[in-house]
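The values are calculated or read from the model by the stated rules, or taken from the named source; none is laboratory data. Since this is a predicted model, take the numbers as computed values, not measurements. Cβ sites come from the backbone with ideal geometry, for glycine too, and all protein chains shown count toward neighbours. Remember, those area values only see protein heavy atoms, side chains included, never the ligands or the DNA or RNA. Shrake-Rupley method; radii C 1.70, N 1.55, O 1.52, S 1.80 Å.
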Amino acid sequence: MSFDRLHALIRKTKNPTVVGLDARLEYIPPQLVKECLDKHGETLEGAAEAVLRYNMALLDALQGVVPAVKPQAAYYELLGWPGVKAMHDTIQYAHDKGFYVIADIKRGDIGSTAQAYAEGWLGTPFCADCVTINGYMGSDAILPFLNIAKEEDKGVFLLVKTSNPSSGELQDMVAGDRQVYTVMADLCKRLGAGSEGECGYQTLGAVVGATYPAELRELRRRMEKTFFLVPGYGAQGGTAQDVAGAFDRYGWGAIINSSRGILCAWQKTENGAEHFQDAARAAAEAMRDDIKKYVTIV
């Protein structure tokens, strides 16, 4: 099962983190951007090549340190068809290097449209190991992805309690005797029931933000068999102590995301642009070690 593979990689690296590949040109060392724009002109092709080359260099540097990467589709779609191709090629290169790949697409549609998204991202052509989805249209928006995930031996992360400041405008509202995010949590748990893998986690995981640590701990108790993807560490304000509540007593069941903290690490070091790979690897190791202060992976 897909989350069994992720679980195994986390235990192998002793590192429950994922690097968000949200590459924008301003995140990339200027010399690399210049080389690509000199080659192609100030075009989408030039920008997409810079993104792909940067991603590949980061993956080379992070191999063996982090178990997973998470390219965010919006940044690639922004660059048109060359950007979409860069995302495809990034996924393939990441697989070649042994990473688990979460395609952060946050799609939220129903019927044949959801089916098409699921087939495209979890099957050919993108072949991601897992996707993120928005299920706030109900089970019609979730089941097409879940069904394809089961067929293709892939995973799905469903938005439950997100890390953004305004999430409470909807997710914290009371519906009957529950808050909306707990309604979504219970739906996630119910739809994923029966799909547990060897590590005990269901095919349908949950996105739960680090910026709400009390809710994170509550949801861990409520969703014992649900794997968590936890954004919000670092730049958004979440700490290692905050994310500790995402894990069970064995240090299992969650993976913590960092994007800019690793992508832009070179910007915080002397001569960082020349040694951006070293800066990214050091930042990834520092994040791993920070979380280790509060989480022990058995």
What's the local net charge at residue 5, with K and R +1, D and E -1, over the other residues with C-beta under 12 Å away?
-1
Range in the chain, longest, excluding exposed trypsin sites (Lys or Arg not before Pro) [loop by DSSP; at most 11 other beta-carbon atoms within 10 Å]:
1-248
Going by Cα centres, region 62-80 and region 90-152 are how many Å apart?
15 Å
Go through (1) 22.1; (2) 19.3; (3) 18.7 and flag the label whose value is the computed Kirkwood radius over Cα pairs in Å for this structure.
(2)
Which shape class applies to region 1-142: rounded if a/c is under 1.5, otherwise prolate when a/b exceeds b/c and oblate if not, where a ≥ b ≥ c are the square roots of the Cα gyration tensor eigenvalues?
oblate
So how tilted is helix 44-62 from the main axis of the chain? Cα-based, degrees 0 to 90, rounded to 10.
70 degrees
Could you report the chain's accessible area per residue, 1.4 Å probe, as an integer in Å²?
42 Å²
Could you tell me what percent of the accessible area of the chain is made up of carbon and sulfur, with a 1.4 Å probe and every protein chain present?
50 percent
To the nearest 0.05, the calculated FRET efficiency linking residue 274 and residue 178 through their beta-carbon distance, R0 being 41 Å, is 0.15
Residues with beta-carbon under 13 Å from that of residue 204, excluding residue 204: net charge, scoring Lys, Arg +1 and Asp, Glu -1?
+3
Within the chain, what is the longest stretch that has no GluC sites (Glu not before Pro) placed in a DSSP loop and near at most 12 other beta-carbon atoms within 10 Å?
43-197
All lysines inside 20 Å of residue 39 as judged from Cα atoms, apart from same-chain residues fewer than 8 positions distant
85
Nearest 10 degrees is fine. How inclined is helix 139-152 to the longest principal axis of the chain, computing both from alpha carbons?
70 degrees
Through the Karplus equation 6.51 cos²θ - 1.76 cosθ + 1.60, θ set to phi - 60°, convert the phi angles of region 284-298 into ³J(HN,Hα) values in whole Hz; use x for Gly and Pro.
5, 5, 5, 5, 4, 5, 5, 5, 4, 5, 10, 10, 10, 8, 7
With a 32 Å threshold on alpha-carbon distance, the violating pairs from 97/150; 12/161; 225/268 are 225/268
Residue separation between residue 217 and residue 139 times 0.36 nm, minus their alpha-carbon distance, gives in nm 25.6 nm
How far apart, in nm, are two points set 7 Å out from the Cα along the Cα-to-Cβ line at residue 124 and at residue 164?
3.5 nm
For residue 26 and residue 224 in the same chain, what is the full-extension length gain: residue separation times 0.36 nm, less their Cα-Cα distance, in nm?
67.3 nm
Mind pulling the angle between the C-alpha long axis of helix 213-222 and the longest principal axis of the chain? Nearest 10 degrees, somewhere in 0 to 90.
50 degrees
